[in-house]
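Report on the following structure.
The values are calculated or read from the model by the stated rules, or taken from the named source; none is laboratory data. What you are looking at is a predicted structure, and each value in this text was computed from that prediction instead of being measured. Cβ sites come from the backbone with ideal geometry, for glycine too, and all protein chains shown count toward neighbours.
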Ligand SMILES: Nc1ncnc2c1ncn2[C@@H]1O[C@H](COP(=O)(O)OP(=O)(O)O)[C@@H](O)[C@H]1O
Ligand SMILES: [Mg+2]
């Protein structure tokens, strides 16, 4: 699903953010990207979402070299990738519904489809009753869930999250992780950057560790098994690529 | 279509709509955006009104000047009359021959009166007018020809008829050439034509400033919605998708500016009309100012829409590309 092929990134100004990074995240996999602040996590996610381009090397998604695609293609590629940010990036002057609907409006879905899908996505994150609220009226955790609903509303095969629990307390963080897990179980590939090691220590997933722009470790977190998850996906939320799961 | 995932459902494949239906949907969508852009203007009524006010005034000025020139042309068209025809005789014509010719042309049905100014008299007139006395001392002989001054009858003062009369007179023996006395009118025409050029220049300059004003207003709109644009780009909006609402806003600015200009011009004309009616009364004539006909109004509105669009296109091309999520 995601393949980094000897990728280095030097920012304008000479800041070396990534050095010869190689890894592959398979279809249907859920993986974490950890490392201290400034290690290069966000840079990796920005290379995938085409907010930055590699200085050296190739980034491939589903076998397609992103470097071969033109500037005009960028919006269409972003529609295949759900993105979640630490700062929620919501439109504060629109309702929760309108925020979640945005990717569908952009893609040109009909009103009926939009309503159906937005309601399904909001239901999944437990905010259906807040559809007509302004984001301002919601708590930080709720706003983050609106961001997640927006990222998955058009059922992208790949979900990226950059510090999705950065501002949240441990209990809320765990809830959001369960949500990602449920999405992953429905077939979505999920790639999460976080510096919250305590959080992922409790989950048994692949973990890519990055330090000063170099990938220093790639393996499974073993110690603690995740508690039984009770988050279930509604039947009409599913992912459109039917590739085999990682596990 | 998904570029990365073959077979992934997208809005187009999912809807399974025909090309006609998709076209209708697109048109409806644009119509909705058009209305939404008007709503955007309404969200900041004061700022929008000020912009529209500046645009309206900028369009009013050249339009009013244009109307004034047009009215002047109409008024002077009624004045176009030849006052007098000067008939210059050949140099070796004798005074007796000249007098005979005067008598002959004075009997023409087109001629009201004919007066002979002999070369000698003309020289005396010249000396008196110029102050150069005894000018013959410097010249071998009087260089001036005899001239017959002819006043045409009222029905022959229109330029065309007068010109025909001149041709006819020129065919007489001893006549060198005839000259129609409409120079003052030609001078007036030249002046009006300069005025028309000035109107064009002013109009072009103000059109440019309308484009700049709208371009700058749209630029500010774009910058104030920077966050929103970034978010839209992050979730996969194309530049075009982001562009259209701003183009529509520019169009609205243009259209509303044009409408305001129209109202201002109508008001100005109404205001000038009463003054001009008084003036015309004093001269015991009738005169009505020509206003904007439907064509002129259509041109003004269309032009303002085009200017609005142009300003916003320039701004949007430059600034939307610059705003990229980082
Ligand atoms: N736009 C940028 N311009 C210059 N340097 C940058 C930019 N973004 C990130 N960096 C630098 O690249 C390195 C990696 O940053 P980042 O990927 O944001 O790390 P992380 O997300 O792991 O905290 C840091 O040293 C950071 O200062
Ligand atoms: Mg970061």
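For first residues located in region A:171-199 and assigned to a strand (DSSP E or B), partners that are within 16 Å of ligand 2 (Cβ to nearest atom) and modelled with pLDDT under 90 and lie 6+ apart or on another chain with Cβ distances below 7 Å form the pairs A:194/A:165; A:194/A:200.
Criterion applied to A:100, A:105 was being under 20 Å from residue B:2 (Cβ atoms) and within 14 Å of chain B (Cβ to nearest Cβ), and the one residue passing it is A:105. If you go through region A:109-135 and keep only what is within 19 Å of residue B:231 (Cα to Cα), within 14 Å of chain B (Cβ to nearest Cβ) and without any contact (Cβ under 8 Å) to a residue 60 or more places away in the chain, you end up with A:109, A:114, A:118, A:135. Determine, yes or no, whether residue A:199 is within 16 Å of ligand 1 (Cβ to nearest atom) and within 14 Å of chain B (Cβ to nearest Cβ). So residue A:199 does not fit the description; no. Taken over region A:8-18, residues that are within 11 Å of ligand 1 (Cβ to nearest atom), away from chain B (no Cβ under 14 Å) and surrounded by fewer than 22 Cβ atoms within 10 Å (Cβ to Cβ) amount to 3. Set side by side, the residues A:160, A:168 differ, and just one is touching a helix residue (DSSP H, G or I) at 6+ places or on another chain (Cβ under 6 Å), outside any helix (DSSP H, G or I) and either within 27 Å of residue B:27 (Cβ to Cβ) or touching a residue at least 40 places away in the same chain (Cβ under 8 Å) (or both), which is A:160.
Here residue A:136 meets the list (1) more than 16 Å from ligand 2 (Cβ to nearest atom); (2) under 16 Å from residue A:85 (Cβ atoms) almost entirely, failing just condition (2). Of all the residues in region B:153-204, those that are in contact with a helix residue (DSSP H, G or I) (Cβ under 9 Å, 6 or more places away or on another chain), at pLDDT below 85 and closer than 19 Å to residue B:107 by Cα number 4.
Here is a yes/no grid of residues against (1) part of a helix (DSSP H, G or I); (2) modelled with pLDDT of 90 or more; (3) over 15 Å from residue B:90 (Cβ atoms):
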{"site": "B:121", "(1), (2), (3)": "yes, no, yes"}
{"site": "B:125", "(1), (2), (3)": "yes, no, yes"}
{"site": "B:129", "(1), (2), (3)": "yes, no, yes"}
{"site": "B:132", "(1), (2), (3)": "no, no, yes"}
{"site": "B:142", "(1), (2), (3)": "no, no, no"}
{"site": "B:151", "(1), (2), (3)": "no, no, yes"}
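For residue A:62, the conditions (1) within 16 Å of ligand 2 (Cβ to nearest atom); (2) at positive phi; (3) out of contact with any helix residue (DSSP H, G or I) (no Cβ under 9 Å at 6 or more places or on another chain) all hold with the exception of (1). Note on region B:222-261: residues that are under 21 Å from residue A:146 (Cα atoms) and part of a loop (DSSP other than H, G, I, E, B) total 4.
Residues in region B:1-46 that are modelled with pLDDT under 80 and more than 9 Å from chain A (Cβ to nearest Cβ): B:13, B:16, B:18, B:19, B:21.
Residue pairs whose Cβ atoms lie under 6 Å apart, separated by 6 or more positions or on different chains, with the first residue in region A:80-92 and within 8 Å of another protein chain (Cβ to nearest Cβ) and the second within 16 Å of ligand 1 (Cβ to nearest atom) and assigned to a loop (DSSP other than H, G, I, E, B), are A:83/A:49.
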